[in-house]
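Student: Pasting in a structure now, in structure tokens, and then I'll have a few things to ask.
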Amino acid sequence: MADISSDFLGIKSPNPFWLASAPPTDKKLNVLRAFEAGWGGVVWKTLGSQVKNVSSRYSAVDYHGSRVMGFNNIELISDRPLDINLREIREVLKEFPDRAMIVSLMADNDRESWHELIKKVEDTGAHGLELNFGCPHGMTERGMGAAVGQDPEIARMVVEWVMEVATIPVITKLTPNVHSVVPTGLASVLGGTNALSLINTIQSVTGVDLDSFVPNPNVGGKSAFGGYCGPAVKPIALKFLTTIAQNEITRRVPISGIGGVSTWKDAVEFMLLGASNVQVCTAAMKHGFRIVEDMIEGLNYWMDDKGFKKLDDFIGKSVPTMSNWEDLDINYHIVANINQDKCVHCGLCYIACEDTSHQSIALDYGKPYNKYTIKEEECVGCNLCKLVCPVDNCITMVEQRKAPEYMNWKDFQRLGMPLNDH
Amino acid sequence: MSITNYRLTTEQYAENFSDIHPPFENLTAALVEANRCIFCYDAPCMKSCPTSINVPKFIKQIATENIKGSAHTIFSSNIMGGGCSKVCPVEKLCEGACVYNLMEEEPIQIARLQRYSTEKAIQEKWPLFTRKPSNGKRVAVVGAGPAGLSCAHVLSREGIDVTIYEKEAKGGGLMTYGIAAYKVTPEFCEDEVQYILSLGGIEIKYNQELGKDISLAELQSQYDAVYLGIGVGLARQLAIPGEELDGVVDAISFIYDIRSKGYNQVKVGDKVAVIGMGMTAIDAATQAKRLGAKEVTMLYRRTQAEMPCTQVELDIAMLDGCKIVWLATPKEVLGADGKVKQLVCSITTLGEPDASGRRSPVDTGETITLEVDMVIKAAGQMPFEKLVAENVLENKYGKIVTDSQGVTSIAGVFAGGDCVNGGKEVVDAVQAGKDGATGILDFLGL
């Protein structure tokens with residue numbers, strides 16, 4: 001079996017699966033259960049300023065019969081007394097010394113508060129700190145959370161305060177509620193952070209109740225913007241992660257990937273795009289801590305299949321393949337092919353192409369089964385038919401280059417090549 | 001051995017005749033199945049429905065929790081979509097064509113989903129249709145079965161005032177009187193008829209039989225058009241010695257009694273032979289067993305490959321413990337004291353294909369004898385040949401000849417359903433009623 005142990009800034013964990021700072025990590029009882037289940041580490045739910053939470057707190061987006069495709073919360077940071085949290089962190093560390101214990105922090109917006117909090121937390125023996133610059137609700141109104149993460153200068157200032165006293169590794173967690181995470185990421189790295197983590201939740205309204213007319217979640221007839229997470233946000237998280245992994249400065253520090261990680265496959269994708277490990281929350285909140293078992297096994301088998309011995313063998317491997325649009329090869333051309341032996345005649349490819357794409361599929365009427373074939377000369381190779389086809393490998397895209405040589409859009413313009421005539 | 005009623009307790013009857021296809025208990029269950037549907041384009045299920053119900057659309061509407069829209073989609077194509085969801089042989093229609101079959105997966109439970117929406121609509125009496133204001137045209141429909149009701153509903157929606165003449169005391173036709181009780185209950189059939197009538201503009205006159213209480217000529221003179229949906233009724237005779245013995249019954253009246261009298265009133269033998277292997281034969285055999293017969297044997301003169309019923313139906317009979325004897329044709333019923341004692345059958349073999357394309361049975365000369373006290377004949381039904389001929393309607397062996405819009409040889413007289421096709425599914429009759437209505441609207445210039 002491959003070695004899936006992780007070393008993040010010297011913080012060791014038996015696997016790269018940490019639980020993100022959130023309700024699953026807000027007390028000893030949960031965290032012990034998580035470690036018993038096999039999680040490699042936790043980021044303890046954010047400590048700092050004293051808050052009070054409301055009821056209800058969560059809402060979700062279901063899709064096509066599947067629950068919690070997206071998840072939203074208006075819960076704030078830990079509302080338990082600081083000293084109880086600190087005591088429990090100590091106790092957990094004693095019971096599970098081989099697991100990573102990171103503590104998420106969000107102090108009041110002044111240097112002394114941060115210094116005081118960091119000292120108290122370091123005193124527990126925790127392995128690292130994560131700065132919560134991302135929480136998009138409740139705390140922002142008080143100039144904390146995302147309000148810090150959205151302003152690179154403030155972020156850098158707070159990181160600098162932290163680095164003045166921190167003796168253990170510091171991870172800065174970034175908010176996605178910005179046009180780009182790079183400016184704050186950059187400012188944090190320049191301010192001295194040892195690592196970055198992303199993404200925090202995305203501000204959202206998950207829906208409106210069609211009977212009460214109140215958006216979700218309902219708190220006594222009112223709602224508030226919440227933070228969106230879960231499988232739905234994964235593509236957005238991957239994009240932000242990639243931009244951090246591509247930037248010459250931000251990529252110098254390790255990245256902890258967060259945002260909709262539910263399976264070992266998701267984790268691998270985050271790691272291929274530059275994350276050294278991943279943090280999970282929504283999937284655990286939906287199914288419990290037991291999901292880590294398959295994450296561990298799946299990652300192991302995949303690494304064995306691919307011949308990877310350790311995590312570093314593939315972390316960041318896909319980053320160089322993420323190019324700019326204008327550098328893509330215009331002469332690369334693919335056309336769809338329908339395997340008639342596999343086709344079940346559902347017509348989904350046909351109607352998608354006919355109504356919304358390039359009218360490249362021919363329909364031969366049959367009762368009850370129509371026959372569908374690709375009009376190769378019309379096909380632009382968009383993938384739509386293949387994406388909507390319900391049968392695995394029924395529609396494949398076959399390479400039919402326009403010309404042997406590589407040519408991008410800039411070359412194309414320079415050479416005065418003809419545009420489409422329809 | 002004897003033929004008796006009251007064989008079982010009330011609880012046993014209730015259990016034996018409980019719904020064979022239980023409905024979805026709740027929305028969640030229906031949603032799980034609805035969400036399996038991949039929403040095919042130009043869907044094979046829809047093309048395989050004689051009434052062309054837009055199946056992907058109504059299932060999508062369940063998935064979006066637009067149950068009213070779903071019911072409207074179904075009823076727009078098939079006003080008896082509720083009953084059809086219970087009695088259609090979907091394995092050879094919509095569900096048989098579902099693309100999941102081609103993936104070696106279970107097809108979508110289309111009938112069960114259809115039942116979910118339509119039953120809700122009927123129970124809660126959703127007014128999904130409105131009729132245009134009356135235009136003064138009047139049409140008589142003979143027969144309140146699926147063809148007649150379907151025709152009447154379309155016509156009434158167009159503002160025509162419809163009067164239906166029904167020979168029985170209840171509407172629904174064979175849905176009410178001719179189908180196994182574990183598929184559809186008499187109560188549901190009544191509710192379904194009432195739901196159809198709730199549109200308004202349709203009046204049913206019960207206990208009015210064509211050729212007896214009313215005549216075609218009278219109807220022609222009183223109405224702007226006449227639609228005949230008189231079905232088929234007479235059981236095909238075996239024409240063998242002993243057919244007159246006490247204990248020989250026809251499946252149609254056997255099932256009619258079950259449907260109209262109450263289970264404990266219907267007499268059944270200890271050992272029952274059922275002749276035939278169509279849907280009605282299955283309904284008779286399984287219900288004989290469920291009424292408490294100790295042994296039920298089904299006899300068919302051909303083999304399983306040629307049987308008219310579907311495999312699903314055959315499985316019901318076999319799971320009920322009915323014995324099946326292939327390649328046997330009744331030769332003589334033997335009796336004592338006027339009562340059935342034995343059934344003698346010729347053993348057949350398959351010869352050349354006949355007009356239906358199926359290989360025809362040939363007598364081998366050998367026989368088998370079954371000890372039975374009851375013989376149920378389910379060898380097909382005959383059209384009302386005499387009635388049709390008396391009214392000078394062009395016909396083929398009693399089946400009324402029409403074009404695709406139900407137009408008969410007499411101007412202003414239309415026909416459809418079993419009396420034209422010789423006896424098919426309920427869903428075929430519903431479509432025939434729609435086609436006939438189109439023909440009538442054309443005829444009336446509407």
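The values are calculated or read from the model by the stated rules, or taken from the named source; none is laboratory data. Only a predicted model underlies this, so the values are computations on that prediction, with no experimental measurement involved. Here Cβ is always computed from backbone atoms with ideal geometry, including for glycine, and neighbour counts include all displayed protein chains.
Student: Give the number of residues within the stretch A:355-375 that are among the charged types (D, E, K, R) and under 15 Å from residue A:387 (Cβ atoms).
Tutor: 1
Student: Given B:138, B:157, B:131, which one is in contact with a helix residue (DSSP H, G or I) (Cβ under 7 Å, 6 or more places away or on another chain) and not polar (S, T, N, Q)?
Tutor: B:131
Student: Can you name the condition, by its number, that residue B:421 falls short on among (1) touching a strand residue (DSSP E or B) at 6+ places or on another chain (Cβ under 6 Å); (2) under 27 Å from residue B:48 (Cβ atoms); (3) not aliphatic (A, V, I, L, M)?
Tutor: Failing condition for residue B:421: (1).
Student: If the requirement is being under 23 Å from residue A:422 (Cβ atoms) and out of contact with any Gly (no Cβ under 9 Å at 6 or more places or on another chain), which of these qualifies: A:348, A:384, A:363?
Tutor: A:384
Student: Output the residues belonging to the stretch A:386-422 that are surrounded by 15 or more Cβ atoms within 10 Å (Cβ to Cβ) and aliphatic (A, V, I, L, M).
Tutor: A:388, A:391, A:395, A:397, A:407
Student: At least 2 residues that are of a type outside the set (Gly, Ala, Ser) and within 14 Å of another protein chain (Cβ to nearest Cβ) in each: list the helices (runs of 4 or more DSSP H) lying fully within the stretch B:1-52 that qualify.
Tutor: Qualifying helices (runs of 4 or more DSSP H): B:27-34, B:44-47.
Student: If I ask for residues that are farther than 28 Å from residue B:406 by Cβ, away from chain A (no Cβ under 14 Å) and either buried (at least 23 other Cβ atoms within 10 Å of the Cβ) or of a type in the set (D, E, K, R) (or both), which ones from the stretch B:110-142 would you list?
Tutor: Passing the criteria: B:112, B:115, B:116, B:117, B:119, B:120, B:124, B:125.
Student: Moving on to the next point. Could you check how many residues of the stretch A:53-71 are closer than 30 Å to residue A:86 by Cα, out of contact with any Leu (no Cβ under 8 Å at 6 or more places or on another chain) and surrounded by fewer than 22 Cβ atoms within 10 Å (Cβ to Cβ)?
Tutor: 5
Student: When you go through (1) assigned to a loop (DSSP other than H, G, I, E, B); (2) under 16 Å from residue B:44 (Cα atoms); (3) touching a Ser or Thr at 6+ places or on another chain (Cβ under 6 Å) one by one for residue B:111, which number turns out not to apply?
Tutor: So residue B:111 meets the others, but not (1).
Student: With respect to residue B:412, is the statement that it is surrounded by fewer than 18 Cβ atoms within 10 Å (Cβ to Cβ) and without any contact (Cβ under 8 Å) to a residue 60 or more places away in the chain true?
Tutor: no
Student: While we're here: Among the listed residues B:79, B:67, which satisfies the condition of being touching a His at 6+ places or on another chain (Cβ under 6 Å) and either buried (at least 20 other Cβ atoms within 10 Å of the Cβ) or away from every other protein chain (no Cβ under 14 Å) (or both)?
Tutor: Selected residue: B:79, the only one of B:79, B:67 that is touching a His at 6+ places or on another chain (Cβ under 6 Å) and either buried (at least 20 other Cβ atoms within 10 Å of the Cβ) or away from every other protein chain (no Cβ under 14 Å) (or both).
Student: Which is under 27 Å from residue A:189 (Cα atoms) and over 19 Å from the mean Cα position of the chain (by Cα), of A:312, A:266?
Tutor: A:312
Student: Just a yes or no: is a residue in the stretch B:82-104 aliphatic (A, V, I, L, M), in a loop (DSSP other than H, G, I, E, B) and either within 14 Å of chain A (Cβ to nearest Cβ) or under 24 Å from the mean Cα position of the chain (by Cα) (or both)?
Tutor: yes
Student: Here is a follow-up. For the stretch B:383-404, which positions are modelled with pLDDT of 95 or more and of a type in the set (Ser, Thr, Tyr)?
Tutor: B:402, B:404
Student: Under the condition of being surrounded by 14 or more Cβ atoms within 10 Å (Cβ to Cβ), under 28 Å from residue A:402 (Cβ atoms) and among the polar types (S, T, N, Q), which residue from the stretch A:337-385 is farthest from the other protein chains (Cβ to nearest Cβ)?
Tutor: Here the answer is A:337.
Student: Tell me the strands (runs of 3 or more DSSP E) entirely within the stretch B:171-280 that contain at least 2 residues that are among the aliphatic types (A, V, I, L, M) and in contact with a Leu (Cβ under 7 Å, 6 or more places away or on another chain).
Tutor: It comes to B:225-228, B:271-275.
Student: Determine which member of the set B:145, B:173 is under 25 Å from residue B:444 (Cβ atoms), buried (at least 19 other Cβ atoms within 10 Å of the Cβ) and in contact with a Pro (Cβ under 7 Å, 6 or more places away or on another chain).
Tutor: Exactly one residue qualifies, and that residue is B:173.
Student: Assess whether residue B:62 counts as being under 23 Å from residue B:130 (Cα atoms), crowded, with 24+ Cβ neighbours inside 10 Å and away from chain A (no Cβ under 14 Å).
Tutor: no
Student: Which of the residues that make up the stretch B:381-398 are over 20 Å from residue B:225 (Cα atoms) and free of Cβ contacts under 8 Å to residues at least 24 places away in the same chain?
Tutor: B:385, B:386, B:396, B:397, B:398
Student: Looking only at the stretch B:294-313, decide whether some residue is more than 24 Å from the chain's Cα centre (by Cα), within 29 Å of residue B:13 (Cβ to Cβ) and surrounded by fewer than 24 Cβ atoms within 10 Å (Cβ to Cβ).
Tutor: Yes, the stretch B:294-313 contains a residue that is more than 24 Å from the chain's Cα centre (by Cα), within 29 Å of residue B:13 (Cβ to Cβ) and surrounded by fewer than 24 Cβ atoms within 10 Å (Cβ to Cβ).
Student: Residue A:284 passes all but one of (1) crowded, with 24+ Cβ neighbours inside 10 Å; (2) part of a helix (DSSP H, G or I); (3) touching a Gly at 6+ places or on another chain (Cβ under 6 Å); which number fails?
Tutor: Going through (1) crowded, with 24+ Cβ neighbours inside 10 Å; (2) part of a helix (DSSP H, G or I); (3) touching a Gly at 6+ places or on another chain (Cβ under 6 Å) one by one, residue A:284 breaks only (3).
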